[in-house]
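**Student:** First, the structure itself, so that you have it in front of you.
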Amino acid sequence: MKAAKERTDIKNSKKEINNKIYHIEEQKEYNISYIKNQNNIKKDYRNKIRIRIIKLILIMHLMFITKEKKYMQSQYSFITLKINNTGKNKIYYDGDDYNSGCSPGAPLPDEIFINNINQSKVQYYYNFNQSENIVKLIFHKPIDKSTCMFVKCSNITEVDLSNFDSSQLTRMNSMFTGCSSLKSIDFTNVNTSQVEWMGWMFNNCSSLVSLNLSNFDTSKVIWTFNMFHSCLSLETLDLNNFVTPKLTETYNMFKGCTALKSLDISNFNSLLITNMDNMFDDCPKLEYINLENTVFKNDFYNKIKELMTENIFLCSKDGNIKNKLNACDIFINCFNDYNILNNDEFKCYKKCSNGIY
């Protein structure tokens, strides 16, 4: 009996020991698993923190880039166009050599927005679905010429240059040539102090009724030939701010301005002009020219007879006609050639039915 009891006790002890070992192993596995889980949790947490930090950095970076881009865009200069036409429209000089002065022409803009949508590709022609379209031409840096910029862009009706950096322009020749639908140009803030070429600038802008060029600086301009050629709708033109000490060629400048009635070129300097041919040709309605402070070269007296072929008189102060160029009814304010007629002998008068006064 005693031996059997001892065997049972031994057996129970072994069983108890095995249970304890099992529980220890189980606890060990649990601990290992727990530690692993904790490690994984910590790792996941760290990863989440890293991801959040990276996201935050990216967001801040994007915000900085966006802010910087907006700042840069605010520094960009741009030209705004209005086009009231659907279908395919030309909005910029396409490289076609319209005349010898167009090569090379104005550089392309860096970006183009049409109705507030940035176009993926900068090009010369676009198809419009709307009848009224606003086009914004953005330049990231100043350009040195606007030569032929809008040549034959016949559907442009309005141009706003008030936000365009023109401070480095030296050539504006043929800028609007052939813009036959153009009715309005805003030159506010335009800087022309470096410009030398203005020839053909508004040639064939047949819908322009008026132009405000009061802020133009023409102190370096040498060419104005054909500048207003065939501006068929222009009725008045005030160029009294055109001081032109370097001007050399003015031929055809106002030729074909068939509606022009009043012209002020009272501060022109013609001492260096070599070609004035047909300057006022085909201006049948011209009634008034202000030449009050104009400086003439020695042969202007003869040139004026060739150039102003409509409605002009030169008279002496006693009312006797000295030179009749053509028919009547024009008034020229105090016309004096400072070299030839420098002693107040000649004045300008209006021709009336009752005579000259």
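**Student:** Go through segment 165-189 and report how many residues are under 28 Å from Gln75 (Cα atoms) and in a loop (DSSP other than H, G, I, E, B).
**Tutor:** Here the count works out to 15.
**Student:** Can you tell me which of Phe280, Phe254, Phe225, Phe313 is at pLDDT below 90, among the aromatic types (Phe, Trp, Tyr) and closer than 19 Å to Leu208 by Cα?
**Tutor:** Phe280 is the lone residue from the list that is at pLDDT below 90, among the aromatic types (Phe, Trp, Tyr) and closer than 19 Å to Leu208 by Cα.
**Student:** For Asn163, indicate whether it is surrounded by 19 or more Cβ atoms within 10 Å (Cβ to Cβ), out of contact with any Lys or Arg (no Cβ under 6 Å at 6 or more places or on another chain) and at pLDDT 95 or above.
**Tutor:** It is false that Asn163 is surrounded by 19 or more Cβ atoms within 10 Å (Cβ to Cβ), out of contact with any Lys or Arg (no Cβ under 6 Å at 6 or more places or on another chain) and at pLDDT 95 or above.
**Student:** Right, here's the next one. Determine which member of the set Leu232, Leu247, Leu182 is surrounded by 19 or more Cβ atoms within 10 Å (Cβ to Cβ), outside the structural domain of Pro142 (by TED's automatic domain parsing) and free of Cβ contacts under 8 Å to residues at least 40 places away in the same chain.
**Tutor:** Exactly one residue qualifies, and that residue is Leu247.
**Student:** Determine which single condition Ser207 fails, assuming it passes every other condition in (1) of a type in the set (Gly, Ala, Ser); (2) under 24 Å from the mean Cα position of the chain (by Cα); (3) more than 20 Å from Phe150 (Cβ to Cβ).
**Tutor:** (3)
**Student:** Go through segment 223-282 and report how many residues are farther than 23 Å from Ser206 by Cβ and among the hydrophobic types (A, V, I, L, M, F, W, C).
**Tutor:** Number satisfying all stated conditions: 7.
**Student:** Just wondering, is there one or more residues in segment 221-239 that are among the acidic types (Asp, Glu), in contact with a strand residue (DSSP E or B) (Cβ under 6 Å, 6 or more places away or on another chain), farther than 17 Å from Asn290 by Cα and not in a loop (DSSP other than H, G, I, E, B)?
**Tutor:** Within segment 221-239, none of the residues are among the acidic types (Asp, Glu), in contact with a strand residue (DSSP E or B) (Cβ under 6 Å, 6 or more places away or on another chain), farther than 17 Å from Asn290 by Cα and not in a loop (DSSP other than H, G, I, E, B).
**Student:** Going by the conditions given, is Gln119 under 29 Å from Thr192 (Cα atoms) and of a type in the set (S, T, N, Q)?
**Tutor:** no
**Student:** Another question, if that's okay. It is to be established whether one or more residues within segment 95-107 are assigned by TED's automatic domain parsing to the domain that holds Met175, at pLDDT 95 or above and polar (S, T, N, Q).
**Tutor:** The answer is no; no qualifying residue exists.
The values are calculated or read from the model by the stated rules, or taken from the named source; none is laboratory data. These numbers come from a predicted model, not from an experiment. A quick note on method: Cβ atoms are made from the backbone with ideal geometry, for glycine too, and the neighbour counts reach across all protein chains shown.
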